[in-house]
1. Could you please find all residues in the range B:211-225 being within 14 Å of DNA strand D (Cβ to nearest atom) and farther than 11 Å from B:P179 by Cα?
2. Taking the criterion of being within 30 Å of B:G110 (Cβ to Cβ) and either modelled with pLDDT of 90 or more or at the interface with chain B (Cβ under 7 Å from one of its Cβ atoms) (or both), would at least one residue in the range A:138-149 satisfy it?
3. Kindly indicate whether any position in the range B:160-181 is more than 26 Å from B:V121 (Cα to Cα) and hydrophobic (A, V, I, L, M, F, W, C).
4. Name the single residue that is nearest to the other protein chains (Cβ to nearest Cβ) among those in the range A:96-115 being part of a loop (DSSP other than H, G, I, E, B), touching a Leu at 6+ places or on another chain (Cβ under 7 Å) and of a type outside the set (D, E, K, R).
5. Among the residues of the range B:116-137, count how many are in a strand (DSSP E or B) and within 14 Å of another protein chain (Cβ to nearest Cβ).
6. Quick check on B:G64: is it at positive phi and either within 15 Å of the chain's Cα centre (by Cα) or at pLDDT 95 or above (or both)?
7. Of the residues that sit in the range A:53-70 and are outside any strand (DSSP E or B) and in contact (Cβ under 8 Å) with a residue 12 or more places away in the chain, which one is surrounded by the most Cβ atoms within 10 Å (Cβ to Cβ)?
8. Here is a check on your reading of the model: is B:R87 of a type in the set (K, R) and away from chain A (no Cβ under 12 Å)?
2 protein chains.
Amino acid sequence: MPPAKKKSPSSPASPPTHHQPQACGQDFAKPLVTVDVVIFTVQAQRLQVLLVRRPTGEGEPCPGMLALPGGFVDVERDATLLDCAVRKLRDKTGLHTHHLEQLGSWGSAGRDPRGWSVTQVYMALVPAPDTASAQWLDVDAACASPLAFDHATLLNAALARLRSKVEYTSLPAFLLPEPFTLPQLQQVYEVVLGRALDKSAFRKRMLDSGFLAEVGTVDGTAPRKAMGYRIRDRSQATVFPRTFRSGES
Amino acid sequence: MPPAKKKSPSSPASPPTHHQPQACGQDFAKPLVTVDVVIFTVQAQRLQVLLVRRPTGEGEPCPGMLALPGGFVDVERDATLLDCAVRKLRDKTGLHTHHLEQLGSWGSAGRDPRGWSVTQVYMALVPAPDTASAQWLDVDAACASPLAFDHATLLNAALARLRSKVEYTSLPAFLLPEPFTLPQLQQVYEVVLGRALDKSAFRKRMLDSGFLAEVGTVDGTAPRKAMGYRIRDRSQATVFPRTFRSGES
DNA sequence: AAAATAGTGTCTTTGAGACAGTATGAC
DNA sequence: GTCATACTGTCTCAAAGACACTATTTT
């Protein structure tokens, strides 16, 4: 390593040799580690995101502002990052995990006034809750509001990821309670994408890819009965061979 | 720490009110935060990855084992996680960043014997270095070797991401020094994918997508001269409308 | 029967795969 | 010239888009 610059912690480096098991276990400063979850649902034909209000106690950063649900990793309780995300999701929604994927991490010296911090961001898709809670905001409204920390950046990243994946995966199915009909599923796709899709092409794609299982004619969001479907394998989304609107030309 | 369970540090929570600016700035234990970089190149028709040997000092975890280059985030030097990854890349290869993307983060109580740790993994693609360094290993060899910590998992994740993206993006172009010819580019695709591609379809895809700029006939890995190309926009990879071998059937 | 939506069929277009064929330059 | 490789063309195929059509259920 270069002479001038000191031997700062390199490679998963050793704490300086005179290691003393102290509070933090390392001699140099550690960043704060948090997990934030971007929880999406579709309700009333709108893509919505769950936000919470920051506490207003003294010393609290961004008091009273809207923020993504999340918080510090608890090294006592959380065995893994994913466990931590599942816990946050459960605490905030009471829902079980329909789809939870890691988005990425954001870390810098300035994003939290309390110090160098890094947050691991997860994206969750859940069906619309029965009780319309005031915590859900239309994504447009959420993006237009001032959010705590760099949560606007995180939300935008999640939105970009969701919209991108909706073009070529079965992800939106996780936004619906089962069983659902193909017209309902198409509507969810259209809400997320913000544009209309061709019915025939949509049905062909969904049925040919075989990720749906028939579950008997059900329901009626319409004058006519329709076939109900459930997701054959909830553990992962299906990837389609092409994106929608391949050549926008 | 909280009594029985609840109300542990919630949302980017406040440190308990009696906050005293101490070594760690928080009253509860913080995880270790590291950055690891999976650096790929193609050399001698092989996909290779850069690995380093863990130091053998006393108290060092996994002494002498092969590991991904990386290390602790230095809150004094690194303004952001990306800066930290760029620094690791520069220190290990001396190369500038041809392509550097975040893969994800892995965090758990057990992955590092020194305590709860979370690593942010980046994937870098660089052209083959002039001097064949001993640090480069064929990925097959690397996957077959025992690696430090959970680095085998991280390497496999990076490989999966790379192979997946190669199916539908221009990523492999970042593995070549400019200018390169289409046959050379095709060879890189084939090395990463591990299968042959049709020449005609390959050329159509590359040229139609328009991410290459002609730079004059050059070179000769072959008896005949070929057109040289450079990447028009190095800031991002181009996404193709379909994957290779769409229906493997 | 009318209305409204579920679901199907048929034609076109895009872009990939297969594969044969032509062009160019070293020897 | 021959040889090896760069490059092009033509046919087929898979899946998406456009859009008209039939089917089913409530009123």
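The values are calculated or read from the model by the stated rules, or taken from the named source; none is laboratory data. Keep in mind the model is a prediction, meaning the values are calculated, not measured. So basically every Cβ, Gly included, is an ideal-geometry build from the backbone, and we count neighbours across all protein chains shown.
1. B:G220, B:T221, B:A222, B:P223, B:R224, B:K225
2. For the range A:138-149, residues within 30 Å of B:G110 (Cβ to Cβ) and either modelled with pLDDT of 90 or more or at the interface with chain B (Cβ under 7 Å from one of its Cβ atoms) (or both): present.
3. Yes, the range B:160-181 contains a residue that is more than 26 Å from B:V121 (Cα to Cα) and hydrophobic (A, V, I, L, M, F, W, C).
4. Here is the first cut: in the range A:96-115, the ones part of a loop (DSSP other than H, G, I, E, B) are A:96-98, A:109-115.
Remaining after also requiring touching a Leu at 6+ places or on another chain (Cβ under 7 Å): A:97-98, A:112, A:114-115.
Add one more test, that the residue is of a type outside the set (D, E, K, R), and what stays is A:97-98, A:115.
Numbers: A:T97: 17, A:H98: 20, A:G115: 5 Å.
Among them, the one singled out is A:G115.
5. Here the count works out to 7.
6. Values: at positive phi: yes; either within 15 Å of the chain's Cα centre (by Cα) or at pLDDT 95 or above (or both): no.
Criteria not met by B:G64.
7. By that ranking, first place goes to A:L68.
8. no
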